[in-house]
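The values are calculated or read from the model by the stated rules, or taken from the named source; none is laboratory data. Treat the numbers as computed from the prediction; the structure is a model and nothing was measured. Quick reminder, even Gly has a Cβ in these numbers, built from the backbone with ideal geometry, and neighbours come from all protein chains shown. Remember, those area values only see protein heavy atoms, side chains included, never the ligands or the DNA or RNA. Shrake-Rupley method; radii C 1.70, N 1.55, O 1.52, S 1.80 Å.
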Amino acid sequence: MRVFLPSTLPALARALQTGQLSDTGQLGDSGQLGDSGQLSDGSVPGFAVTPALREAYASGDEEELEYAALTEAARASLRLLAADPAAPPRRVVLAAELATEQVRWDPREDEPARVTIGAVPLESLAAAHIDDPEAAADVRGAVEALPAADAGDEDAKFAVDGAEGHELGWYATQELSYLAE
């Protein structure tokens, strides 16, 4: 099962040092930071195409469904950047290929489902999707607009959606150490 994990460049650097993703930037299971600012049970939140999603969109192309999950993870990456103002303003989404048994989700979910997994060894990473440096101003603007967007401000929602105007670049796993530096 392909799982898309929101992250940041500093969290990716930590993972490269430890050899596993045990947190991808401290995003809680609700999509918000937890009270302690960390994951409660050591799990890593992500987004995936679950069996319920596949069934709900039987006519949907698998690539389209995976792109929807990638997009949700990219939005979650904005929240991670909001929690770490020192992080470079670049969304990071890591794609991991995991056995279905390693992934937990609500079986009723028919949207790009929020899933949780335990620590992910780096060998499970299939690729990374990272903003180009040219996206920094729009990503920074999206991060700054998050609180107002969450409160219902339509202009702020437009600013948050503006980050999606930038395609996330694809990087092979062997290129990750160069990016984290």
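Placing R0 at 25 angstrom, the Cβ-Cβ distance between A172 and S59 gives a FRET efficiency of 0.20 after rounding to 0.05.
Sequence-ordered 3J(HN,Hα) estimates for region 141-153 from the Karplus curve with 6.51, -1.76 and 1.60 and θ = phi - 60° stand at x, 5, 4, 5, 7, 3, x, 5, 5, 4, 7, x, 5 Hz, glycine and proline given as x.
For L21, the residues whose amide H sits under 5 Å from its own are V120, L122, ignoring neighbours fewer than 5 places away on the same chain, with H placed 1.01 Å from N. Heavy atoms only, probe 1.4 Å: what % of the accessible area of region 46-181 goes to carbon and sulfur, would you let me know? About 50 percent, which is the carbon plus sulfur part of the accessible surface.
Modelled spin labels at R140 and D153, positioned 7 Å past Cα toward Cβ, are 1.8 nm from each other. In sequence order, region 161-171 has phi-based couplings of 5, x, 5, 5, x, 9, 6, 6, x, 9, 10 Hz under the Karplus curve 6.51 cos²θ - 1.76 cosθ + 1.60, θ = phi - 60°, and Gly or Pro positions carry x. Computing FRET efficiency as 1/(1 + (r/R0)^6) for L16 and A82, where r is the C-beta to C-beta distance and R0 is 22 Å, gives about 0.45. Would you please classify the overall shape of region 115-173 from the alpha carbon gyration tensor, given that a ≥ b ≥ c denote the square roots of the eigenvalues, rounded means a/c under 1.5, and beyond that prolate means a/b larger than b/c while oblate covers the rest? Oblate. Each peptide among 44-52, 157-165 gets the average number of other Cβ atoms lying within 10 Å of its residues, and from highest to lowest they stand as 44-52, 157-165.
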